[in-house]
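The values are calculated or read from the model by the stated rules, or taken from the named source; none is laboratory data. Please read all numbers here as calculations on a predicted model, not as lab measurements. Positions of Cβ are backbone-derived with ideal geometry, glycine not excepted, and every protein chain shown enters the neighbour counts.
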Amino acid sequence: MDKIQSGVFGLNPLLDGGIIEHSTTVVIGASGAGKTTFALQFIMRGMEVGDDGVFISLDENQKQILIEAKAMGWKNINEYIENDRLVFIDASGEQFSNFIKVELPDFVNEWKGTKSRIVIDPLTPVIWATPEKYEQRELISFLLKEARKVGTVLCTLEEHGPMGDLSGSETIIPMYIADCIIHLKYRTIADVVNRNLQIVKCRSSRHSEKNHNYKILGGLGLAVKHTGLPVPKTTKITNQFLSKFEKQALELPNPVRKRIRDALNSLSDNELKDVDPEQLLEDILNEYRK
Ligand SMILES: Nc1ncnc2c1ncn2[C@@H]1O[C@H](COP(=O)(O)OP(=O)(O)OP(=O)(O)O)[C@@H](O)[C@H]1O
Ligand SMILES: [Mg+2]
């Protein structure tokens, strides 16, 4: 699976190398958390490696976004636009369902085959386009499915509920549909700004589950503090577990034995620490006993 550099300093190691190509990532956060900055870093990193970029704004106009981009150090953003490598679609104030069902598919047909990064900032108004949950889900699914035909998708999502509560309907639907969820937790306590980033889920990839402090630095953007991903070391518990497995697994069909051995090999002691190894081993063997 190919991964691409996110453009956010310190994030790639926490995603085991970067964002999976042609996946959909949702960045959730309250106002001022740094969502638009994150999205700009993602798209401008693509410019540096030769990807095309599509920035669909459902909120701020192009002029405002360009001002923010320049403040973050991308003085040459206009050149990319002039060379048609970066396209802004200002969908603010549009009928979103019409935009998604009619204009977007036309656009996708035109761009299909290019290697692009697509940003939708923010996704929230699409959810508010209809009160029906079923329609909301259908609209978001369609939007993301179409967008990923063109490339790797990053959407931002506003956090309106109490801090950390991601169960509201405007967050929960995109969270289920997206492949990767990154939560920018932003709060001010006694005039001190505190920012923490957490990767809530990331399909098909190892990732950090911890909170990581991040800063927004003028001219650079988001920079995440980290000590890297724990290496999945096969140490004490895992090794004992594996040797027991090898002794008892002779009765399993070869492909099954190989699959389980590979899985056990990649598990770390940390992942196994709350698991009863004897019980799990017994359950694996029972699963395949006639
Ligand atoms: N030049 C800068 N230097 C340092 N920090 C900056 C700079 N520019 C912006 N910021 C920080 O980034 C924050 C805004 O980030 P951004 O616009 O990406 O947030 P957002 O999550 O998109 O907010 P909203 O939901 O309101 O659109 C500002 O509140 C400020 O703290
Ligand atoms: Mg924003």
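Across the stretch 218-240, which residue is farthest from K185 (Cα to Cα) among those that are under 24 Å from the mean Cα position of the chain (by Cα) and outside any loop (DSSP other than H, G, I, E, B)?
Residues of the stretch 218-240 that are under 24 Å from the mean Cα position of the chain (by Cα), as a first pass: 218-232.
Imposing the further condition that a residue be outside any loop (DSSP other than H, G, I, E, B) reduces the set to 221-224.
Details: G221: 16, L222: 13, A223: 14, V224: 12 Å.
Selected residue: G221.
Under the condition of being buried (at least 23 other Cβ atoms within 10 Å of the Cβ) and either within 16 Å of ligand 1 (Cβ to nearest atom) or free of Cβ contacts under 8 Å to residues at least 40 places away in the same chain (or both), which residue from the stretch 111-121 is nearest to F42 (Cα to Cα)?
Within the stretch 111-121, the match that is nearest to F42 (Cα to Cα) is V119.
Quickly run through the stretch 28-67 and pick out the residues that are assigned to a helix (DSSP H, G or I), within 9 Å of ligand 1 (Cβ to nearest atom) and over 19 Å from R148 (Cα atoms).
Taking the stretch 28-67 as the starting set, the residues that turn out to be assigned to a helix (DSSP H, G or I) are 35-48, 62-67.
Retained after the next criterion (residues that are within 9 Å of ligand 1 (Cβ to nearest atom)): 35-40.
Listed by number, the residues that qualify are K35, T36, T37.
What residue, among those in the stretch 93-102 that are surrounded by 14 or more Cβ atoms within 10 Å (Cβ to Cβ) and either modelled with pLDDT of 85 or more or not basic (K, R) (or both), is nearest to E60 (Cα to Cα)? Please lay out each step first, then the result.
Of all residues in the stretch 93-102, those surrounded by 14 or more Cβ atoms within 10 Å (Cβ to Cβ) come to 94, 96-97, 99-101.
Subsequent filtering for residues that are either modelled with pLDDT of 85 or more or not basic (K, R) (or both) retains 94, 96-97, 99-100.
Details: E94: 12, F96: 15, S97: 19, F99: 17, I100: 18 Å.
Restricting to residues being surrounded by 14 or more Cβ atoms within 10 Å (Cβ to Cβ) and either modelled with pLDDT of 85 or more or not basic (K, R) (or both), the top hit is E94.
Please determine, by comparing only the residues of the stretch 72-83 that are farther than 18 Å from S57 by Cβ and of a type outside the set (K, R), which one is surrounded by the most Cβ atoms within 10 Å (Cβ to Cβ). Walk me through it before giving the result.
Quick first cut of the stretch 72-83, residues farther than 18 Å from S57 by Cβ only: 73, 75-76, 79, 82-83.
In the following step, the residues that additionally are of a type outside the set (K, R) were identified as 73, 76, 79, 82-83.
Working: G73: 16, N76: 12, E79: 12, E82: 9, N83: 10.
Applying the filter and picking the extreme gives G73.
Condition check: part of a helix (DSSP H, G or I) and hydrophobic (A, V, I, L, M, F, W, C). Does M1 satisfy that? First the steps, then the outcome.
On the way: part of a helix (DSSP H, G or I): no; hydrophobic (A, V, I, L, M, F, W, C): yes.
No.
For A33, state whether it is over 21 Å from L143 (Cβ atoms), among the hydrophobic types (A, V, I, L, M, F, W, C) and either surrounded by 20 or more Cβ atoms within 10 Å (Cβ to Cβ) or within 16 Å of ligand 2 (Cβ to nearest atom) (or both).
Working: over 21 Å from L143 (Cβ atoms): yes; among the hydrophobic types (A, V, I, L, M, F, W, C): yes; either surrounded by 20 or more Cβ atoms within 10 Å (Cβ to Cβ) or within 16 Å of ligand 2 (Cβ to nearest atom) (or both): yes.
So A33 fits the description; yes.
For the stretch 268-290: of the residues being under 19 Å from E251 (Cα atoms) and among the hydrophobic types (A, V, I, L, M, F, W, C), which is farthest from the chain's Cα centre (by Cα)? Walk me through it before giving the result.
Pass one, the stretch 268-290, residues under 19 Å from E251 (Cα atoms): 277-290.
From what's left, among the hydrophobic types (A, V, I, L, M, F, W, C): 280-281, 284-285.
On the way: L280: 31, L281: 33, I284: 32, L285: 36 Å.
That would be L285.
Any residue at all in the stretch 62-73 that is within 16 Å of ligand 2 (Cβ to nearest atom), more than 26 Å from L197 (Cα to Cα) and not acidic (D, E)? Can you show your working first?
Residues of the stretch 62-73 within 16 Å of ligand 2 (Cβ to nearest atom): 62-72.
Adding the requirement that they be more than 26 Å from L197 (Cα to Cα) leaves 62-63.
If we keep only those that are not acidic (D, E) too, we end up with 62-63.
Looking for residues that are within 16 Å of ligand 2 (Cβ to nearest atom), more than 26 Å from L197 (Cα to Cα) and not acidic (D, E), one finds at least one in the stretch 62-73, hence yes.
Looking only at the stretch 124-181, count every residue that is of a type in the set (D, E), under 29 Å from N211 (Cβ atoms) and assigned to a loop (DSSP other than H, G, I, E, B) and tell me the total. Lay out the reasoning, then the answer.
Restricting attention to the stretch 124-181, the residues satisfying the condition of being of a type in the set (D, E) are 132, 135, 138, 146, 158-159, 165, 170, 179.
Next cut, under 29 Å from N211 (Cβ atoms) only: 158-159, 165, 170, 179.
From the residues that got through so far, the ones that are assigned to a loop (DSSP other than H, G, I, E, B) too are 159, 165, 179.
Selection size over the stretch 124-181: 3.
Return the pairs, sorted by first residue and then second, in which the second residue is surrounded by 10 or more Cβ atoms within 10 Å (Cβ to Cβ), the first residue lies in the stretch 241-262 and is assigned to a loop (DSSP other than H, G, I, E, B), the beta carbons are less than 7 Å apart, and the residues are 6+ apart or on different chains.
Partner pairs satisfying both residue conditions: L252/Y288.
Under 7 Å between Cβ atoms, which residue pairs at least 6 apart in sequence (or on different chains) link something in the stretch 46-61 that is touching a residue at least 12 places away in the same chain (Cβ under 8 Å) and under 11 Å from T152 (Cα atoms) with a partner that is away from ligand 2 (no atom under 16 Å from the Cβ) and part of a loop (DSSP other than H, G, I, E, B)?
If the second residue must be away from ligand 2 (no atom under 16 Å from the Cβ) and part of a loop (DSSP other than H, G, I, E, B), the pairs left are D51/K115; D52/R85; D52/T114; D52/K115; G53/R85.
With the checklist (1) over 17 Å from D52 (Cβ atoms); (2) within 16 Å of ligand 2 (Cβ to nearest atom); (3) out of contact with any Ser or Thr (no Cβ under 6 Å at 6 or more places or on another chain) in hand, flag the one item P122 doesn't pass.
Among (1) over 17 Å from D52 (Cβ atoms); (2) within 16 Å of ligand 2 (Cβ to nearest atom); (3) out of contact with any Ser or Thr (no Cβ under 6 Å at 6 or more places or on another chain), the lone unmet condition for P122 is (3).
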